[in-house]
1. Output the residues belonging to the range 152-171 that are among the acidic types (Asp, Glu) and part of a loop (DSSP other than H, G, I, E, B).
2. Specify which of the listed residues (Ser131, Ser149) is assigned to a loop (DSSP other than H, G, I, E, B), under 23 Å from Arg57 (Cβ atoms) and touching a Pro at 6+ places or on another chain (Cβ under 9 Å).
3. Quick one: is Arg119 more than 22 Å from Ile28 (Cβ to Cβ), open to solvent by 70 Å² or more (accessible area, probe 1.4 Å) and in contact with a Pro (Cβ under 7 Å, 6 or more places away or on another chain)?
4. Which of the residues belonging to the range 2-47 are open to solvent by 100 Å² or more (accessible area, probe 1.4 Å), farther than 28 Å from Ala172 by Cα and touching a helix residue (DSSP H, G or I) at 6+ places or on another chain (Cβ under 8 Å)?
5. If we keep just the residues of the range 72-91 that are closer than 16 Å to Arg110 by Cα and hydroxyl-bearing (Ser, Thr, Tyr), which is least open to solvent (accessible area, probe 1.4 Å)?
6. Which residue pairs have Cβ atoms closer than 8 Å, lie 6 or more positions apart in sequence or on different chains, and pair a first residue in the range 138-157 that is on the phi < 0 side of the Ramachandran plot and without any contact (Cβ under 8 Å) to a residue 24 or more places away in the chain with a second residue that is open to solvent by 80 Å² or more (accessible area, probe 1.4 Å) and in a loop (DSSP other than H, G, I, E, B)?
7. Residue by residue through the range 28-52, note down the ones that are assigned to a helix (DSSP H, G or I) and either within 15 Å of Glu132 (Cβ to Cβ) or of a type outside the set (Phe, Trp, Tyr) (or both).
8. Would you pick out the residues in the range 53-86 that are part of a helix (DSSP H, G or I), touching a strand residue (DSSP E or B) at 6+ places or on another chain (Cβ under 7 Å) and closer than 17 Å to Ile126 by Cα?
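The values are calculated or read from the model by the stated rules, or taken from the named source; none is laboratory data. From a predicted model like this one, the values you see are computed outputs, not experimental measurements. As a convention, Cβ positions derive from the backbone with ideal geometry for all residues, glycine included, and neighbour counts pool all protein chains shown. Heavy atoms of the whole protein, side chains included, go into the accessibility calculation; ligands, DNA and RNA do not. Shrake-Rupley method; radii C 1.70, N 1.55, O 1.52, S 1.80 Å.
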Amino acid sequence: MKLLLATQNRGKIEEISRMLRHLNIELIKPEEEIEVEESGKSFMENAYLKALAYFKRYGIPTLADDSGLVVPSLEGYPGIYSSRFYSLDWGGKEEVQNSKDQANIKKLLRLLEGSKDRRAYFKAVICLMLSEEFYIFAEGVCHGEIAESPRGSAGFGYDPIFKPLGYEKTIAELPPEEKDDLSHRGKAIRKLSHFIEKCKHSIFYQRAHSN
Ligand code: IMP
């Protein structure tokens, strides 16, 4: 069975590949980025839109992740705008100096300066699309709080400023396998991998015989 990963985000590709390794399926990374207008109002809608766009182009089972960081004291921002938070008018734009990730972090820390309520959670919704009519979703959430300053170099995105509940370290200071155990993406992928494991032969069979 081939499974297309509908993303160009290297951090996501690395994590998802690591977590699906045991399934022995061929993971396909798209050669070119497909411009998907993330016009949905939720992670779920955007995960669906990404899966559909890639499925239409490649025509094989596709897995799409839409995820982000939700900060309740900031009205839920960055939320579905996590990857381009730095560029939003909301909260003031942040100039990109080194990377978009760093600009996002800088803006978030600026907006939370002096704030006592630093609670936050990561959320991931993953859409597994087997045909345009048959697709399923899995969701994962990881609660924690925003650190005062960035620490660590593992992972990607907001990892250097996110401390999972019960941890003093940020995710970027944890080994990758520990992130997988507790992360939003890890939780969502584990739900789906049970499903893929159980039916990968029948999915494969149906596709082979419908062509
Ligand atoms: P998407 O590619 O539109 O789903 O945006 C995802 C964005 O959310 C990323 O670019 C990161 O900024 C953030 N994000 C999602 N998952 C993680 C994570 O596991 N660690 C850190 N940041 C994340």
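1. Within the range 152-171, just Glu168 meets the criteria.
2. Ser131
3. yes
4. Answer for the range 2-47, where residues must be open to solvent by 100 Å² or more (accessible area, probe 1.4 Å), farther than 28 Å from Ala172 by Cα and touching a helix residue (DSSP H, G or I) at 6+ places or on another chain (Cβ under 8 Å): Glu37, Lys41.
5. Ser82
6. These pairs meet every condition: Arg151/Lys169.
7. Of all residues in the range 28-52, those assigned to a helix (DSSP H, G or I) come to 43-52.
Within the range 28-52, Met44, Glu45, Asn46, Ala47, Tyr48, Leu49, Lys50, Ala51, Leu52 qualify.
8. Matches in the range 53-86: Tyr54, Phe55, Gly79, Ile80, Ser82.
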